[in-house]
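Here is the structure we will look at.
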Amino acid sequence: KIFYSSDIKLEINRELKTINAISSKRMSPLIFIGGTLENWNIKYDLKNISNKDNVEIPSISKYGLTGCVSFHDIKTKNIKVNVKNSYCEDGIHFLRATGTIDKIFVNDALSDGIDIDFSSLEIKEIRINRSGNDCIDLSNGVYLIENAELNGCGDKGVSLGENGDAKILNILVNNSIIGLASKDSSNMTVDYAEVNVSDYCTALYRKKQEYNGAEIFIKDINCDLDKHFIQDGSKLSISN
């Protein structure tokens, strides 16, 4: 099922399997709930917005959702998602989703670029340009990301939390405060990472009292700082 705000102009081509959503107002969500999405190409764009600087970040829409484009209780197969100018807490939000994703592109997200909770997803490619907070925020699920290119993350390139498990094959993080963060009983494994940040290449810590520390295992990393934040009870292992 598809639900969307009245402020969205929605064009669906079932033959080509494309969905184009053009929003004329901030916090206008597009929502996919239940069933299976297979081989669909989904695009969302907020047009004619003013400068986002010093603008308060909205927490939820009138539908009680955090994402401009949301996928809830759904199975995905090789979908593509492209979101531009998201004026929401999350540009894209997956909740209790399973399956595979071919590509995710996010440009100019006011807060988090991608937020995924309680899901099991394999993602071939993620590209994010300019995200006000975390580029990728993962929690409480199992995730495989084959390739990610993250540019201009306002806080962390990747944040993994709340007993999450993530494997990343290849990742580039540019212009972020923290490159890779794992917290609250989470485990992150990275084959190769190239990280250019202002504070820490990695950060491992406990944020919530009901969890323990976190772990990151990296085979190979190239980081301009070679600086890491490791709280007691957490573990960082770098092979090279």
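Structural remarks
- Restricting attention to the range 216-226 and to residues that are part of a strand (DSSP E or B) and of a type outside the set (D, E), the residue that is nearest to E162 (Cα to Cα) turns out to be I216.
- Residue check, N222 out of contact with any Phe, Trp or Tyr (no Cβ under 9 Å at 6 or more places or on another chain) and of a type outside the set (A, V, I, L, M, F, W, C): no
- Residue match in the range 105-117 (condition: over 20 Å from K43 (Cα atoms) and in a strand (DSSP E or B)): yes
- Close pairs from the range 1-30: first without any contact (Cβ under 8 Å) to a residue 24 or more places away in the chain and farther than 16 Å from N82 by Cβ, partner open to solvent by 50 Å² or more (accessible area, probe 1.4 Å) and part of a loop (DSSP other than H, G, I, E, B), Cβ under 6 Å, at least 6 apart: D7/S24; D7/K25
- Close pairs from the range 137-162: first of a type in the set (K, R), partner open to solvent by 10 Å² or more (accessible area, probe 1.4 Å) and not in a strand (DSSP E or B), Cβ under 7 Å, at least 6 apart: none
- In the condition set (1) assigned to a strand (DSSP E or B); (2) open to solvent by 30 Å² or more (accessible area, probe 1.4 Å), G157 is compliant with all but (2).
- Subset of the range 185-229 [more than 19 Å from L138 (Cα to Cα) and β-branched (V, I, T)]: V197, I221
- Restricting attention to the range 171-215, the residues that are among the polar types (S, T, N, Q), crowded, with 21+ Cβ neighbours inside 10 Å and part of a strand (DSSP E or B) add up to 3.
- From the list G154, G99, the lone residue that is small (G, A, S) and closer than 26 Å to I218 by Cβ is G154.
The values are calculated or read from the model by the stated rules, or taken from the named source; none is laboratory data. Note that the structure is predicted; figures quoted are calculated from it, not measured. No Cβ is skipped: glycine too gets one built from the backbone with ideal geometry, and neighbour counts run over all protein chains shown. SASA here: full protein model, heavy atoms, side chains in, ligands and nucleic acids out. Shrake-Rupley method; radii C 1.70, N 1.55, O 1.52, S 1.80 Å.
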